[in-house]
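Asker: First, the structure itself, so that you have it in front of you.
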Amino acid sequence: EAGVAQSPRYKIIEKRQSVAFWCNPISGHATLYWYQQILGQGPKLLIQFQNNGVVDDSQLPKDRFSAERLKGVDSTLKIQPAKLEDSAVYLCASSLILEAKTQYFGPGTRLTVL
Amino acid sequence: AQSVTQLDSQVPVFEEAPVELRCNYSSSVSVYLFWYVQYPNQGLQLLLKYLSGSTLVESINGFEAEFNKSQTSFHLRKPSVHISDTAEYFCAVSPSNAGGTSYGKLTFGQGTILTVHP
């Protein structure tokens with residue numbers, strides 16, 4: 001069974017530029033999560049999807065961050081415009097259903113904003 | 001709301017020595033408890049979890065954790081570590097009450113870097 005796929009693995013941009021990250025969850029997984037992991041901290045949930053609907057986006061900075069999961073499978077997280085403090089690893093995770101007790105994580109995208 | 005505190009940011013230990021990584025949590029509702037491991041340049045992997053039943057849970061590679069409700073702790077232990085256990089370990093909780101807005105949402109601690117020296 002293939003795991004959660006993410007791309008790109010690394011991205012370097014300058015502040016005020018835009019960037020997008022892509023995630024492909026495990027096949028059949030209805031729930032998808034985006035986390036932000038700043039160096040030295042644990043992952044923090046940004047947004048949670050159930051199929052193509054948003055369950056929780058209370059910690060997503062909506063003035064610059066957006067995410068979508070149009071067909072209930074792949075997801076894209078966008079930052080526009082980026083700030084220095086957005087430098088972090090962006091992790092995507094999926095679970096079979098919302099009630100599932102285990103989330104499976106992708107390798108992450110390391111973003112550096114200069 | 002939930003919060004997780006991992007009491008040690010770094011734990012150095014020699015190979016074959018025992019180790020304990022400490023985790024305390026705070027929550028107004030019942031929670032599930034997890035330990036995840038992150039090897040260098042890899043994603044998070046589930047190490048073990050407590051959902052219900054026996055308060056002592058074990059992983060396939062010799063780690064164990066014990067849920068202590070009165071002390072709101074979920075410390076991770078291994079009696080004899082290997083070089084390959086070098087990684088960052090994260091404790092996490094999620095609400096166990098279905099229907100709540102936070103159901104399924106993981107709250108992580110800040111991580112403990114375990115370094116095993118030869």
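Asker: Provide, for q = 0.17, 0.24 Å⁻¹, the log10 of I(q)/I(0) from a solvent-free Debye sum over equal Cα point scatterers in the stretch A:5-98.
Answerer: Once normalised to I(0) and log-transformed, intensities are -0.69, -1.34.
Asker: A follow-up question, please. With the dipole of the protein assembly as shown worked out from charges on the C-beta (+1 for Lys and Arg, -1 for Asp and Glu) around the Cα centre, which of A:46, A:97, B:82 lies farthest toward the positive end?
Answerer: A:46
Asker: Let's test the formula: R0 of 30 Å, r as the Cβ-Cβ distance of residue A:78 and residue B:115. What FRET efficiency results, to the nearest 0.05?
Answerer: 0.25
Asker: Please go through the stretch A:1-45 and write out the trypsin sites (Lys or Arg not before Pro) that DSSP classes as loop and that have at most 13 other C-beta atoms within 10 Å.
Answerer: When the trypsin sites (Lys or Arg not before Pro) of the stretch A:1-45 are filtered for loop state and at most 13 Cβ neighbours within 10 Å, A:9, A:15, A:16 remain.
Asker: Let me ask another. Calculate, axis by axis, the spread of Cα positions in chain B along the three principal axes, and write the results as whole Å, longest axis first.
Answerer: Here the spans come out as 48, 29, 24 Å, largest first.
Asker: Place +1 on the Cβ of every Lys and Arg and -1 on the Cβ of every Asp and Glu in the stretch A:1-108, take the dipole about the Cα centre, and give the residue among A:55, A:31, A:75 whose Cα lies farthest towards its positive end.
Answerer: A:75
Asker: With label points built 7 Å along Cα→Cβ from the Cα atoms of residue A:9 and residue A:62, find their separation and express it in nm.
Answerer: Those two pseudo-labels are separated by 3.6 nm.
Asker: State the percent of C-alpha pairs, over all pairs in the protein assembly as shown, separated by a distance greater than 34 angstrom.
Answerer: Considering the protein assembly as shown, 14 percent of its Cα-Cα pairs are separated by more than 34 Å.
Asker: Still on this structure, please answer the following. Could you give the length gained by full extension between residue B:3 and residue B:60, i.e. 0.36 nm per residue of separation minus their alpha carbon distance, to one decimal place?
Answerer: 17.8 nm
Since every read-out is calculated from the coordinates, none of them should be taken as a lab result. Please read these numbers as outputs of a predicted model, since none were measured by experiment. Quick reminder, even Gly has a Cβ in these numbers, built from the backbone with ideal geometry, and neighbours come from all protein chains shown.
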